Amino acid sequence: MSKKKIAIITGASSGLGKEFVRQLDQKERLDEMWIIARREERLNELCSQISTALRPISLDLTKMDSFQVIHNLLETEQPNVRFLINSAGFGKIGSWKDISMNDCNNMIDLNCRAAVNMTQLVLPFMSRGANVLEICSTAGFQPFPYLNVYSASKAFLYRYSRALRVELLGAGIHVTAVCPYWVKDTEFIGTAQNTGNSTYIRHFPLASREKNVVRHALIDSELGLPVSTPGLVCTVHRIAAKFIPSEIMMGIWSLLRRL
C-alpha cells in the first residue's frame, strides 16, 4: 500500500500560509494537507473552501509540547511528505523599549525554533523530489533598527535554510528560503505595528500581494532555487546587501522609513 502524499503548512489560518494551502490545492495532486495554526475556527473554515482533504491541527508552536503532537502523528501515519512550508511567524515594530520581553521571546521561538523543530521532525518522512519552503523575509538580508529582533530571527532562518539545502542535495530534497518584502494583504503589518509606538515605519510602499508571493515561491521551489525573492524590491535588496556595508544599509533604511 502506497503512503499518503501530503503537504504540511504551518501558519495556515491566515496570510501566506492560507494562500499556500489554496494554491497547492489548485496545482498539486495531494492526498491530504495538514494545516497547523493556533486558531482552530479559522482552520475549520478553510476546510470548506478547499477540495483537497485537510487535517486541521490546532497548536501553538511557541509551546514545546506541540512538537510531540506532530511527532506522534507522523510516527502513526507514516506519510510521504511532499511539501513542508514553515509559514508561521510574526514581527513587532518599535524600539527595544516598546516591545515586551514576552514578544521578543515569542518572535524567536516561532520564527526560529518552531521552523527548525518542524523541519527536523518532518525531514525523515520526505524523499527525493520533496520541497521545503522556509518563509524568511527580505528583513533577513541586513540589520534593521526598530525591527531588530524580527530581522535577526529571519536572518537566522535564512542562513539555516541555505546550509540545510546543501546538506540535502544528495537526497534530492529541495530547500528554498522565501524572502518577500512587505505583503500588504496579510495581517503582518497590523500585528507588527501594534506596539506602544508604531511610528518608526510610516509607510510600506510597493508592498506585494500574498497571491503573487506564493505563486512566485512555488515556482522557485519547483525549479530548486535556494532563494526566492518574489518581487522587485526584495530582489534589488538581496543584491544590494551583498555589496553595500551594513552600516550604510542601515543609514539608507533610516532615511526610507521616515518617508
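Coordinate-derived values only; no laboratory data. Worth saying up front: this structure is predicted, and the values here are computed from it rather than measured. Note that we place each Cβ from the backbone using ideal geometry, even for glycine, and neighbour counts take in every protein chain shown.
Under the simplified labelling scheme, the residue 80-residue 241 pair shows an inter-label distance of 3.6 nm, with each label point 7 Å from Cα along Cα→Cβ.
Within the chain, which complete DSSP H helices have Cα atoms spanning at least 27 Å along the helix axis and a mean Kyte-Doolittle hydropathy of -1.0 or higher? The partial results should precede the final answer.
Numbers: long enough: 148-167 (29 Å, -0.33).
Length and hydropathy pass: 148-167.
Computed over the chain with a Gaussian network model linking Cα atoms closer than 10 Å, the most mobile of 239, 36, 93 is 239. The slack in the chain from residue 254 to residue 223, taken as 0.36 nm per residue of separation less the alpha-carbon distance, amounts to 7.6 nm.
Summary of packing: across the peptides 59-72, 79-92, the per-residue average of other C-beta atoms within 10 Å ranks them, highest first, as 79-92, 59-72. Taking max minus min of the alpha-carbon positions on each principal axis, the chain gives extents of 60, 37, 30 Å, largest first. Take the Cβ atoms of residue 65 and residue 41, set R0 to 25 Å, and the FRET efficiency comes out at 0.70.
Positive-end ranking of 95, 52, 118 along the dipole of segment 1-126, with charges on Cβ about the Cα centre, is headed by 52. Only Cα sites of segment 88-193 enter the Debye sum here, all with the same form factor; the resulting log10 I(q)/I(0) across q = 0.11, 0.14, 0.24 1/Å is -0.36, -0.56, -1.29, listed in q order. At q = 0.20 Å⁻¹, work out log10 I(q)/I(0) for segment 43-142 with the Debye formula, treating every Cα as an identical point scatterer and leaving solvent out; two decimals please. Ignoring solvent entirely, the Cα scatterers give -1.17.
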